[in-house]
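A.B. asks: I am attaching a structure below and will ask some questions about it afterwards.
The values are calculated or read from the model by the stated rules, or taken from the named source; none is laboratory data. For clarity, every value in this text was computed on a predicted model and none was experimentally measured. Note that each Cβ is placed from the backbone with ideal geometry, even for glycine, and that neighbours are counted across all protein chains shown.
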Amino acid sequence: MNPAAQAIPLTSRRKGPLAGRVRVPGDKSISQRSLILGALAVGETRIAGMLEGGDVISTANAMKALGATVERVGEGAWRVLGVGVGGFAEPAAPLDFGNSATGCRLAMGAVAGCPITVTFDGDASLRTRPMRRILDPLEKMGARTLEIREGGRLPAVVQGARDPIPIEYEAPVPSAQLKSAVLLAGLAAPGTTTVIEKEATRDHTEKMLKHFGASVRVSPYGDHGRRIVLDGQPELEAAPVVVPADPSSAAFPLAAALIVPGSEVVLEGVMMNPLRTGLLTTLKEMGAAIELVAKRNEGGEEVADLRVTPGALKGVDVPAERAPTMIDEYPILAAIAAFAEGETRMRGLKELRVKESDRLEGTAALLRVNGVEAEIVDDDLIVRGKGRAAGGGVVTTHMDHRIAMSALVMGLASEQPVGVDDSAFIATSFPGFVELMRSLGADLT
């Protein structure tokens, strides 16, 4: 495992309006999946616009260690020569996923359908993340967990199934990673593998499986859920992938444009998948001025340019059932809520407790150290906004890139500067964040 990078403190300050037209990096979810499914396909997959952050590079290296050919051929352009479903080779060393829970958990699913033994590991942050929720259904499909640390934590040694078993599995928590791991393992199983989710989560895996030639059927389940049925043992065929701009990354310059007076920012080509746009829905309820222009399709996903300007915001109640569509955006929503008038209550955030850090506690601490009233009640986060933030605090990031970026955005509109103890981990999901924000006029030093 690589040692942790040296801490890089950073401070943001209020300056003038933000202005410009920018494109944030490619979507992390689609970048990760394009590498894994390209590795499981037969033939050459070309990927354009891929996010080249630490998380995705870790997944690229893992696919290479499992026997696929993975090469960078230009900026954001990659070539993957796959080995076919069930064709992974046993790696010579542990797979180090760095900070990437998505890469690790999805790769566990892909490996579970191959008769090989693999050690999964990651950095200090990833070693705190629960893996048992992924491994439990994979064991029902014939995989075995030979070794794992106490509490279901990495490192873990997983032996894939020689004869994978198709299952019908009802996910106990709304998790796209859990769903995806089961579906990827189901590729190698005969018959049909079914995943039932009570609350719909992001559907990139289902869409991309179809893009690579798998038979996947999706139907409604209950009030908010879906039933996904995959026909096993397809021959996935290589297919080109164009990665749209990441809505989770776009959230940060978008938020800055909403809270810094006089700003006008256009964000190009942002993915508008309805299972990823919960933040936009919430911000519009708060009164945000966000205009969607030039709607179009890229890489099988609807995208649009977002024109963002500031205005008066009001507190709102965010329902728990919206959480799967904006699970990564709660820290930045909390920062925005500080600049709204009135109380914003974000409900049902239990899943935030098992992110890169305890993101629920970390978000509340981010606000409090900067003079914003915030309270956690059960799994709800309550922010009592006053249309302003005092700032002046130094935020402990706990190696969490989204906590770091949210704090830095808050500082751009706060009365006093806001610092973070470490910005090194921002590159895991948003390489070039500091440079992009500076290009819009932000003061980050």
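A.B. asks: For region 378-428, how many residues meet the condition of being in a strand (DSSP E or B) and either of a type in the set (Gly, Ala, Ser) or at pLDDT below 95 (or both)? Talk me through it step by step, then tell me what you get.
C.D. replies: First, pick out the residues of region 378-428 that are in a strand (DSSP E or B): 380-386, 391, 394-395, 416, 418-420.
Imposing the further condition that a residue be either of a type in the set (Gly, Ala, Ser) or at pLDDT below 95 (or both) reduces the set to 385, 391, 419.
Summing the residues that are in a strand (DSSP E or B) and either of a type in the set (Gly, Ala, Ser) or at pLDDT below 95 (or both) in region 378-428 gives 3.
A.B. asks: Among the residues of region 283-300, is any at pLDDT 95 or above, outside any helix (DSSP H, G or I) and farther than 28 Å from Ala442 by Cα?
C.D. replies: No, region 283-300 contains no residue that is at pLDDT 95 or above, outside any helix (DSSP H, G or I) and farther than 28 Å from Ala442 by Cα.
So that you can scan it fast, the table gives a plain yes or no per residue for (1) part of a helix (DSSP H, G or I); (2) surrounded by fewer than 16 Cβ atoms within 10 Å (Cβ to Cβ):
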| position | (1), (2) |
| --- | --- |
| Ile134 | yes, no |
| Asp163 | no, yes |
| Pro166 | no, no |
| Ala189 | no, no |
| Thr194 | no, no |
| Thr205 | yes, no |
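A.B. asks: Now for a separate question. Can you name every residue in region 165-212 that is without any contact (Cβ under 8 Å) to a residue 60 or more places away in the chain and either within 25 Å of Val83 (Cβ to Cβ) or among the β-branched types (Val, Ile, Thr) (or both)?
C.D. replies: Listed by number, the residues that qualify are Ile165, Ile167, Lys179, Pro190, Gly191, Thr192, Thr193, Thr194, Val195, Ile196, Glu206, Lys210.
A.B. asks: State the number of residues belonging to region 324-347 that are surrounded by fewer than 24 Cβ atoms within 10 Å (Cβ to Cβ) and either free of Cβ contacts under 8 Å to residues at least 40 places away in the same chain or in contact with an Asp or Glu (Cβ under 7 Å, 6 or more places away or on another chain) (or both).
C.D. replies: So the count comes out to 4.
A.B. asks: Now for a separate question. Applying the selection to region 135-194, what residues are touching a strand residue (DSSP E or B) at 6+ places or on another chain (Cβ under 6 Å) and among the basic types (Lys, Arg)?
C.D. replies: Arg144, Lys179
A.B. asks: Suppose we filter Val241, Val182 for residues that are β-branched (Val, Ile, Thr), crowded, with 23+ Cβ neighbours inside 10 Å and not assigned by TED's automatic domain parsing to the domain that holds Ala171; which single one remains? Outline the logic, then answer.
C.D. replies: Values: Val182 fails: not assigned by TED's automatic domain parsing to the domain that holds Ala171.
Just one listed residue meets the conditions, Val241.
A.B. asks: Identify the single condition in (1) among the hydrophobic types (A, V, I, L, M, F, W, C); (2) out of contact with any Leu (no Cβ under 8 Å at 6 or more places or on another chain); (3) in contact (Cβ under 8 Å) with a residue 40 or more places away in the chain that Leu408 does not satisfy, given that it satisfies every other one.
C.D. replies: That leaves (2) as the condition not met.
A.B. asks: Restricting attention to region 231-265, report how many residues are touching a His at 6+ places or on another chain (Cβ under 8 Å) and in a strand (DSSP E or B). Break it down stepwise before answering.
C.D. replies: Pass one, region 231-265, residues touching a His at 6+ places or on another chain (Cβ under 8 Å): 239, 241.
Those still in the list that are in a strand (DSSP E or B) too: 241.
Residues meeting the conditions: 1.
A.B. asks: Would you check which residues across region 410-422 are out of contact with any Pro (no Cβ under 7 Å at 6 or more places or on another chain) and either in the same structural domain as Asp55 (by TED's automatic domain parsing) or surrounded by fewer than 24 Cβ atoms within 10 Å (Cβ to Cβ) (or both) and list them?
C.D. replies: Our first condition is that a residue be out of contact with any Pro (no Cβ under 7 Å at 6 or more places or on another chain); within region 410-422, this holds for 410, 412-418.
Hits for region 410-422 are Glu415, Gln416, Pro417.
A.B. asks: I've got another one for you. Just checking, how many residues over region 63-106 are assigned to a helix (DSSP H, G or I) and under 19 Å from Leu209 (Cβ atoms)? Steps first, answer last, please.
C.D. replies: First, pick out the residues of region 63-106 that are assigned to a helix (DSSP H, G or I): 63-65, 101-106.
Narrowing further to those that are under 19 Å from Leu209 (Cβ atoms): 63, 102-103, 105-106.
Number satisfying all stated conditions: 5.
A.B. asks: Continuing with this model, one more query. Taking Gly76, is it surrounded by fewer than 24 Cβ atoms within 10 Å (Cβ to Cβ) and either more than 21 Å from His204 (Cβ to Cβ) or of a type in the set (A, V, I, L, M, F, W, C) (or both)? So that I can check it myself, show each step before the final result.
C.D. replies: On the way: surrounded by fewer than 24 Cβ atoms within 10 Å (Cβ to Cβ): yes; either more than 21 Å from His204 (Cβ to Cβ) or of a type in the set (A, V, I, L, M, F, W, C) (or both): no.
Spelling it out, it is not the case that Gly76 is surrounded by fewer than 24 Cβ atoms within 10 Å (Cβ to Cβ) and either more than 21 Å from His204 (Cβ to Cβ) or of a type in the set (A, V, I, L, M, F, W, C) (or both).
A.B. asks: What's the total number of residues in region 11-60 that are surrounded by fewer than 24 Cβ atoms within 10 Å (Cβ to Cβ), over 23 Å from Gly76 (Cβ atoms) and not charged (D, E, K, R)?
C.D. replies: Of the residues in that region, 5 qualify.
A.B. asks: Identify the residue in region 301-314 that is surrounded by fewer than 18 Cβ atoms within 10 Å (Cβ to Cβ) and part of a loop (DSSP other than H, G, I, E, B) and, among all such residues, is modelled with the lowest pLDDT.
C.D. replies: Per the stated criteria, the residue is Gly311.
A.B. asks: Can you list residue pairs whose Cβ atoms sit under 6 Å apart, with the first residue in region 134-153 being assigned by TED's automatic domain parsing to the domain that holds Lys179 and the second being assigned to a helix (DSSP H, G or I) and exposed (fewer than 14 other Cβ atoms within 10 Å of the Cβ)? Count only pairs 6 or more apart in sequence or on different chains.
C.D. replies: Gly152/Arg132
A.B. asks: Then there is this: Consider Ala19 carefully, then state whether it is among the small types (Gly, Ala, Ser) and under 30 Å from Ser414 (Cβ atoms).
C.D. replies: On the way: among the small types (Gly, Ala, Ser): yes; under 30 Å from Ser414 (Cβ atoms): yes.
So Ala19 fits the description; yes.
A.B. asks: Looking at Glu302, Glu291, which is the one that is of a type in the set (Asp, Glu) and under 22 Å from the mean Cα position of the chain (by Cα)?
C.D. replies: Glu302 is the lone residue from the list that is of a type in the set (Asp, Glu) and under 22 Å from the mean Cα position of the chain (by Cα).
A.B. asks: Keeping to region 337-377, report how many residues are part of a helix (DSSP H, G or I), within 28 Å of Gly103 (Cα to Cα) and of a type outside the set (A, V, I, L, M).
C.D. replies: 7
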